[in-house]
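What follows is one structure encoded as structure tokens, with my remarks underneath.
The values are calculated or read from the model by the stated rules, or taken from the named source; none is laboratory data. Everything numeric in this text was worked out from a predicted model, so none of it was measured. Positions of Cβ are backbone-derived with ideal geometry, glycine not excepted, and every protein chain shown enters the neighbour counts.
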Amino acid sequence: MIDVKNIRKDFPMLNGKTQQGHPLVYFDNAATTFKPQSVIDACDKYYSEETANAHRGDYDLAFKVDKEVDLVREKVANFIGAKKQEVIFTSGTSMSLNMIAFGFGFKFLKKGDEILLTEAEHASNVLPWFKISELTGATIKYIPLNKEGKLEPESLRKVITKNTKVVSVAQVTNVMGFMIDIKEIAKITHEFGAILVCDGAQSVPHMKVDVKDLDCDFLSFSGHKMLGPTGIGVLYGKYNLLEKMDPLMSGGGDNARFDMCGNVAYLAAPAKFEAGTMNLAGIYGMGAAIDYLNKIGMNNIEEYEKELHSYAISKLKDIKDLIIYNEHADTGIITVNVKGVFPQDEASYLNSHGICVRSGEHCAKLLKDLLKTTGTVRISLYFYNTKEEVDVLIDALKNGGNFLDAYFD
Ligand SMILES: Cc1ncc(COP(=O)(O)O)c(C=O)c1O
């Protein structure tokens, strides 16, 4: 069970008011989440008590930072069921996916090979692969989604071939919010000798994700979508793949030696992929975010969000002229439109009631044919949201007054 009332006290942003003086209702959690005080304090600790670079200094202060980086790496590894050396700190999901595409895809793909994606993917899981296709001659193919916009494992069987080398899909897509059966997708992918890249940006913050159980080859996620700071994220990779692939970025800290003839001896993973000074305050904050999520419990978070989602759907269904695109989503992502109202206008109207939602294409620009619209309004929930906040949204939608009513019958 989640004690939302008490939890909310931990988040300074949840006590905020909007410019118009409304209590803030934050329903844009798929974009980024609010941070508890413990995360803010952890970042602050790095700046006010423990500033030094990592893996470079021979003094106590630097050693403290090294120890913390190591500890947070271990926390992340335990959080996703990985080994410590399989966890690479990146700037976020986009960076992690680019590292896979360029470090693995560019090195190993060739003309005739296939990369399988879906139309529901975020730009960060599409555009790097477009570039790899252009550079290597590999072909991009799309696994068909079902009528509701969900990826079913059987659909993968219809398009995968012996030429498929990479399947790259989100565990939870950021507009449709369906939870994909990654375990089954991994099984099919591996039967064909391909690798599975799992975009965990919208799953890792909301449910228990265990890479060993899923058997995905790579997993990417962002700290800022799971209570952590911006500019920190994770790339998980099976160690044998990390050993084979190239770093996208190289420089200080990722090598044992190099010479004037251009010979480089890279360090083993994870160091091989962490050139340059890392976002150390971000790593401190990420550790605190994981502690906080563990304290609440990922299963509790998933369960609570499902309950809040069902509550919101039951209320939203009563609103005349509201189109719900993903009523059966398994997570807290609800995508809607008010008939005849431009999504940006709807979001601006809700903003005037202190409600933050996202409007537009949400970086999933291939979805427009399936949704038959280029823009939607996305309401995305997290475990600190309440039924009362959902009621505020419902009231605002029902009382569109001069604005939204103008379009109703
Ligand atoms: C499914 C999905 N993948 C990737 C990303 C990119 O994440 P980031 O902006 O943190 O790199 C997002 C962000 O919204 C997302 O929802």
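Considered as a group, the residues in segment 357-409 that are hydroxyl-bearing (Ser, Thr, Tyr) and at pLDDT 85 or above include one that is surrounded by the fewest Cβ atoms within 10 Å (Cβ to Cβ), and that residue is Thr373. The test for being outside the structural domain of Ile333 (by TED's automatic domain parsing) and more than 30 Å from Ile323 (Cβ to Cβ) holds for Ile188.
Among Asn255, Asn263, Asn300, which is the only one that is polar (S, T, N, Q), under 26 Å from Ile185 (Cα atoms) and more than 16 Å from the ligand (Cβ to nearest atom)? Full working, then the answer.
Working: Asn255 fails: under 26 Å from Ile185 (Cα atoms); Asn263 fails: under 26 Å from Ile185 (Cα atoms).
Checking each option against the conditions leaves just Asn300.
Table: residues versus (1) assigned by TED's automatic domain parsing to the domain that holds Glu121; (2) away from the ligand (no atom under 16 Å from the Cβ); (3) in contact (Cβ under 8 Å) with a residue 24 or more places away in the chain.
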position	(1), (2), (3)
Val341	no, yes, yes
Lys372	no, yes, no
Thr376	no, no, yes
Lys398	no, yes, yes
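Kindly evaluate Thr32 against the criterion of being under 22 Å from the mean Cα position of the chain (by Cα), polar (S, T, N, Q), under 30 Å from Thr136 (Cα atoms) and within 16 Å of the ligand (Cβ to nearest atom). Step through it out loud before you land on a result.
Numbers: under 22 Å from the mean Cα position of the chain (by Cα): yes; polar (S, T, N, Q): yes; under 30 Å from Thr136 (Cα atoms): no; within 16 Å of the ligand (Cβ to nearest atom): yes.
The answer is no for Thr32.
Quick grid of which residues meet (1) part of a loop (DSSP other than H, G, I, E, B); (2) away from the ligand (no atom under 16 Å from the Cβ); (3) basic (Lys, Arg):
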residue	(1), (2), (3)
Glu148	yes, yes, no
Thr161	yes, yes, no
Lys165	no, yes, yes
Ser168	no, no, no
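Residues in segment 331-349 that are crowded, with 19+ Cβ neighbours inside 10 Å, touching a strand residue (DSSP E or B) at 6+ places or on another chain (Cβ under 8 Å) and not small (Gly, Ala, Ser): Thr331, Ile333, Ile334, Thr335, Val336, Asn337, Val338, Pro343, Glu346. Counting the residues of segment 244-258 that are in contact with a strand residue (DSSP E or B) (Cβ under 9 Å, 6 or more places away or on another chain), more than 24 Å from His224 (Cβ to Cβ) and in contact (Cβ under 8 Å) with a residue 12 or more places away in the chain gives 5. Is it true that Asp199 is at pLDDT 95 or above, closer than 30 Å to His224 by Cβ and out of contact with any strand residue (DSSP E or B) (no Cβ under 9 Å at 6 or more places or on another chain)? When the stated conditions are applied, Asp199 does not pass them.
The residues listed here are Lys111, Lys45, Lys107; of these, the one that is within 19 Å of Gly285 (Cα to Cα), in the same structural domain as Ser222 (by TED's automatic domain parsing) and away from the ligand (no atom under 16 Å from the Cβ) is Lys45. Of all residues in segment 249-270, those satisfying the criterion of being of a type in the set (Gly, Ala, Ser) and under 18 Å from Phe104 (Cβ atoms) are Ser250, Ala268, Ala269. Collect the residues in segment 50-100 that are of a type in the set (Phe, Trp, Tyr) and outside any loop (DSSP other than H, G, I, E, B), keeping them in residue-number order. Phe63, Phe79, Phe89 - these are the residues of segment 50-100 that are of a type in the set (Phe, Trp, Tyr) and outside any loop (DSSP other than H, G, I, E, B). Only one of the numbered conditions (1) over 16 Å from the mean Cα position of the chain (by Cα); (2) assigned to a strand (DSSP E or B) is not met by Asp213, and that is (2).
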